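K.L.:
Supplied in structure tokens, the structure appears directly below.
The values are calculated or read from the model by the stated rules, or taken from the named source; none is laboratory data. Given the structure is predicted, the values throughout are model-derived calculations rather than measurements. Because the Cβ atoms are built from the backbone with ideal geometry, glycine has one as well, and the counts that use them run over all protein chains shown. Side chains are part of the model used for accessible areas, which takes the heavy atoms of the whole protein and leaves out ligands, DNA and RNA. Shrake-Rupley method; radii C 1.70, N 1.55, O 1.52, S 1.80 Å.
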Amino acid sequence: MDVVTALDRLPKVELHCHVEGTMRPDTVVDLARKNGIRLPSSDPTELYRYSSLDTFLEVFWLVQSTLGSRDDWARLAYESIVDGAAHGLVYRETFFTPARHLEVGQDLADIVAGLAEGLEAAEAETGTRAALIADIDRAYGAAAGLAMVRRLVELREAASPGTERVIGVGLDSTELGVDPTDFADAFELAGKSGLRRTSHQGEETPPSHIWAGLDVLGSERIDHGLSCIQDEELTRRLVGERIPLTVCPNSNVVIANAVPSLEQHPYRRMREVGLLATLNTDDPALTDLDLGREYHSCMEAFGYRWEDMVAIALDGVEATWLDESDKRELRAQLEREAAELGSGLDRD
């Protein structure tokens with residue numbers, strides 16, 4: 001078996017993937033037509049050209065706007081997991097960002113119920129499991145973020161359908177010109193309500209934003225976190241406390257243009273200094289990517305061996321918010337299947 005096939009089949013978890021960024025191109029067209037959304041082109045792949053995170057977000061927001069109903073969210077979630085499972089995905093903690101939908105009158109209860117319905121159907125078909133992380137959109141400001149968390153907490157307390165799948169909150173969208181500490185109240189409420197916390201920091205911002213994510217927002221993981229390597233004290237803390245970083249190397253090149261090429265990405269250095277840096281796709285459909293190709297491209301770019309990629313996959317399990325028994329079970333599955341795949345690997 002060649003290494004490309006083996007990496008594609010290797011059981012993998014993913015902790016940094018936006019469900020809206022997994023929307024199939026034909027689904028974008030279908031939902032836009034259904035909901036009266038005008039696209040610049042009937043071929044959405046022509047839209048996927050980005051010079052920065054902010055120009056990417058313009059396209060991401062257009063894709064988001066095609067989601068007009070509970071059924072649309074269900075279709076998206078179902079297809080997202082089915083497509084991931086085809087490339088070795090066995091567990092995902094996936095982001096959704098409802099701010100613009102809430103602004104135009106969609107109900108968070110319907111969004112969550114739709115996502116949960118789609119995930120349940122995909123799980124039954126593939127065996128891949130999934131949980132949800134409700135992301136605050138920085139662009140909508142602190143008040144909107146706090147309102148979303150309050151509504152989510154209300155729905156969870158009322159046992160609204162699907163809310164048991166929402167295990168945490170995050171913070172995404174544009175990093176530039178936004179102070180992460182503005183969202184402290186929303187994150188405090190989330191933490192007090194038993195929700196886990198993560199936040200996008202350090203892709204286009206300095207280490208100080210990562211510090212704020214940890215110390216002000218109480219983030220248990222940092223999404224991207226590239227700039228941490230610039231701060232020795234911060235790096236020592238992240239290593240010592242085993243705080244996971246959900247890194248997306250191809251996305252950092254293609255979407256944010258934060259790094260000129262994959263070979264120049266700091267991922268290998270991050271791993272070498274002991275950071276718990278996991279591999280993730282971010283928005284795979286919008287970058288013509290999947291988790292198998294993420295692993296293979298990084299293996300080639302950073303000169304990794306098969307054993308290195310298995311170690312990265314195992315670190316992904318450690319970084320999940322699963323309980324310890326589920327982690328043990330998933331780790332055992334990964335080790336067993338990795339050994340089988342490795343024994344059949346072409347070593348020439």
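K.L.:
Which one of these does Phe60 not meet: (1) modelled with pLDDT under 90; (2) in contact with a Ser or Thr (Cβ under 7 Å, 6 or more places away or on another chain)?
P.N.:
Condition (2) is where Phe60 drops out.
K.L.:
How many of the residues in segment 133-182 are farther than 26 Å from Phe56 by Cβ and polar (S, T, N, Q)?
P.N.:
2
K.L.:
Same structure, new question: Test Ala85 against the criterion of being touching a helix residue (DSSP H, G or I) at 6+ places or on another chain (Cβ under 6 Å), buried (at least 23 other Cβ atoms within 10 Å of the Cβ), in contact (Cβ under 8 Å) with a residue 12 or more places away in the chain and not charged (D, E, K, R), and give yes or no.
P.N.:
Answer is no for this residue.
K.L.:
Moving on. Across segment 226-257, which residue is nearest to Thr55 (Cα to Cα) among those that are surrounded by fewer than 19 Cβ atoms within 10 Å (Cβ to Cβ) and touching a residue at least 60 places away in the same chain (Cβ under 8 Å)?
P.N.:
Asn257
K.L.:
Quickly run through segment 219-237 and pick out the residues that are under 9 Å from Gln201 (Cα atoms) and either of a type outside the set (A, V, I, L, M, F, W, C) or in contact with a Phe, Trp or Tyr (Cβ under 9 Å, 6 or more places away or on another chain) (or both).
P.N.:
Asp223, His224, Gly225, Leu226, Ser227, listed by residue number.
K.L.:
Quick check on segment 93-103. Is at least one of its residues of a type in the set (D, E, K, R), touching a Cys at 6+ places or on another chain (Cβ under 7 Å), buried (at least 19 other Cβ atoms within 10 Å of the Cβ) and outside any helix (DSSP H, G or I)?
P.N.:
Taking every residue of segment 93-103 in turn, none turns out to be of a type in the set (D, E, K, R), touching a Cys at 6+ places or on another chain (Cβ under 7 Å), buried (at least 19 other Cβ atoms within 10 Å of the Cβ) and outside any helix (DSSP H, G or I).
K.L.:
So which residues in segment 1-53 are open to solvent by less than 50 Å² (accessible area, probe 1.4 Å), farther than 22 Å from Ala74 by Cβ and either out of contact with any Phe, Trp or Tyr (no Cβ under 9 Å at 6 or more places or on another chain) or in a helix (DSSP H, G or I) (or both)?
P.N.:
Val3, Thr5, Ala6, Leu7, Asp8, Ser41, Leu47, Ser52, Leu53
K.L.:
Moving on to the next point. Restricting segment 123-138 to residues that are of a type in the set (A, V, I, L, M, F, W, C) and within 18 Å of the chain's Cα centre (by Cα), which is farthest from Glu14 (Cα to Cα)?
P.N.:
It comes out as Ile136.
K.L.:
Which of the residues belonging to segment 258-281 are open to solvent by 20 Å² or more (accessible area, probe 1.4 Å) and either part of a loop (DSSP other than H, G, I, E, B) or touching a strand residue (DSSP E or B) at 6+ places or on another chain (Cβ under 9 Å) (or both)?
P.N.:
Result: Ala258, Pro260, Ser261, Pro266, Arg271, Val273, Gly274.
K.L.:
Please tell me if Ala285 is assigned to a helix (DSSP H, G or I), modelled with pLDDT under 95 and out of contact with any Leu (no Cβ under 8 Å at 6 or more places or on another chain).
P.N.:
So Ala285 passes the test.
K.L.:
Can I ask one more? Return the pairs, sorted by first residue and then second, in which the second residue is open to solvent by less than 50 Å² (accessible area, probe 1.4 Å) and in a helix (DSSP H, G or I), the first residue lies in segment 107-135 and is at negative phi and among the basic types (Lys, Arg), the beta carbons are less than 8 Å apart, and the residues are 6+ apart or on different chains.
P.N.:
Once the first residue is at negative phi and among the basic types (Lys, Arg) and sits in segment 107-135, its partners that are open to solvent by less than 50 Å² (accessible area, probe 1.4 Å) and in a helix (DSSP H, G or I) give Arg129/Glu123.
K.L.:
Of the residues that sit in segment 58-73 and are open to solvent by 40 Å² or more (accessible area, probe 1.4 Å) and acidic (Asp, Glu), which one is nearest to Glu103 (Cα to Cα)?
P.N.:
Glu58
K.L.:
Give the residues of segment 202-230 that are within 18 Å of Val254 (Cα to Cα) and of a type outside the set (Ser, Thr, Tyr), sorted by residue number.
P.N.:
Matches in segment 202-230: Gly202, Glu203, Glu204, Asp223, His224, Gly225, Leu226.
Quick grid of which residues meet (1) out of contact with any Phe, Trp or Tyr (no Cβ under 6 Å at 6 or more places or on another chain); (2) free of Cβ contacts under 8 Å to residues at least 24 places away in the same chain; (3) open to solvent by 50 Å² or more (accessible area, probe 1.4 Å):
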residue	(1), (2), (3)
Ala301	yes, no, no
Met309	no, no, no
Arg328	yes, yes, yes
Ala332	yes, yes, no
Glu340	yes, yes, yes
